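All of the numbers you see were taken from the coordinates with simple rules; none came from a lab. Since we're looking at a predicted model, the values are computed, not measured.
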Amino acid sequence: FILFMSVFTGTLISLCWHFWRSKKTSLSARLQRALAQGRLSLVYQPVFEIQSGTMSGVEALLRWEDDDMGAISPEVFIPLAEETGLMRQITEYVTARAFSEMRELMQRHPFTLSINISLMDLLADDYLHFLSEQARLQGVTPGRVILEITERQGGDLENMSCAIARFKRAGFLIALDDFGTGYSTISWLSQLDVDEIKIDKSLSDSITTHSLNKTLLVNLILLLKSMPQKVVFEGLEEAEQVNYLRSHFPQSYGQGWWYSRPLDKISLQQFLISDK
Ligand code: C2E
Ligand code: MG
Ligand code: MG
Ligand code: MG
């Protein structure tokens, strides 16, 4: 009986495993097809100066609308792309497309363009070549392009710091994304020469609470104020958060639904006109 039970549960586990894996494989095949057919699109979320309320930049965010499955979140397909070796292709697609959609607007308005890249892209030499070449071909100034890297993936600080130096020598800017969600937060700050720190929504949320997190945030703001990097608060949804930052950290920047949702190219164009 014991033998039977162990064979039975073993089979069950392996069946579940195969089901889960084949679901993942088919999703990744769909993603590959969407990419090949140019059916992934970009939206752009504006970033604002807290004090003046002026728009200072946009962040390109990838969207995937599958015919059968509807909208699939980047929180799902980006990790999948990383696992299945599709990441580089996606990053190159995002880079080229963001440049071609934003180049004209960037000539007319002085904003920066942020692109999310994966740690693998940062560490590989050939992505930097691709990026520089695209910037040159499309006439985008490297000093107005910010590459966002996230600490979520963790990595060898020594390698990362060398890679960051290479991107900066080529004129590009680097942002540390999702600050406050990982493990090595403070050591990253002291060891990586980044231009911008993006405070994760989970920390921005604590502006309006009275928890231990709020105490942490108050002290983090004191620390960040003493640092040379530009600081962007993500996920601002309420006026109270913006008001708090206006009085406690006016030199910081904000991004979130309170200011604007991510917009497609046309809506961003209209937004820029109405903002004038
Ligand atoms: P992220 O880079 O931290 O981007 C910010 C996320 O917060 C975006 O989610 C944005 O739509 C969302 N957001 C902005 N303001 C608010 C707000 O006020 N409230 C709430 N609830 N959410 C807000 P999204 O577009 O779903 O992207 C999720 C993550 O997927 C991104 O986090 C980024 O890590 C990744 N991602 C998106 N596009 C790309 C891409 O082109 N390449 C790579 N490598 N990763 C990407
Ligand atoms: Mg980002
Ligand atoms: Mg972020
Ligand atoms: Mg985030």
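Helix 2-36 against the longest principal axis of the chain: what's the angle in degrees, Cα atoms only, rounded to the nearest 10?
Long axis of 2-36 versus the principal axis of the chain: about 40 degrees.
Which whole-angstrom value gives the distance between the alpha carbon centres of the stretch 176-251 and the stretch 65-86?
Centre-to-centre distance over Cα atoms comes out at 29 Å.
Nearest 10 degrees, 0 to 90: what angle lies between the long axis of helix 74-83 and the longest principal axis of the chain (Cα atoms)?
60 degrees
Project the alpha carbons of the stretch 161-260 onto their principal axes and report the range along each, largest first, in whole Å.
The Cα atoms of the stretch 161-260 stretch 41, 28, 21 Å along their principal axes.
On a 20 Å Cα-Cα criterion, which of the cross-link pairs Lys201/Lys265; Lys198/Lys265; Lys168/Lys198 come out too long?
Numbers: Lys201/Lys265 24 Å; Lys198/Lys265 23 Å; Lys168/Lys198 18 Å.
Listed pairs above 20 Å: Lys201/Lys265; Lys198/Lys265.
Can you pull a Stokes-Einstein diffusion coefficient for the stretch 59-204 at 25 °C (0.890 mPa s), Rh from Kirkwood over Cα pairs, as a whole number of µm²/s?
Calculated translational D: 153 µm²/s.
Can you compute 3J(HN,Hα) from phi for each residue in the stretch 234-248, using the Karplus curve 6.51 cos²θ - 1.76 cosθ + 1.60 with θ = phi - 60°, rounded to whole Hz and x for Gly and Pro?
So the Karplus estimates, Gly and Pro as x, are 9, x, 6, 10, 10, 4, 4, 5, 5, 4, 4, 5, 4, 8, 10 Hz.
Return the inverse of the average 1/r over all pairs of distinct C-alpha atoms in the stretch 48-125, which is the Kirkwood hydrodynamic radius, in Å to one decimal. Numbers along the way, then the final one.
Working: mean 1/r = 0.0692 Å⁻¹.
Over the stretch 48-125, the inverse of the mean reciprocal pair distance is 14.4 Å.
Bin all alpha-carbon pair distances of the chain at 10 Å intervals from 0 and give each bin's fraction as a whole percent.
Histogram of Cα-Cα distances, whole percents per bin: 6, 26, 32, 22, 8, 4, 1, 0.
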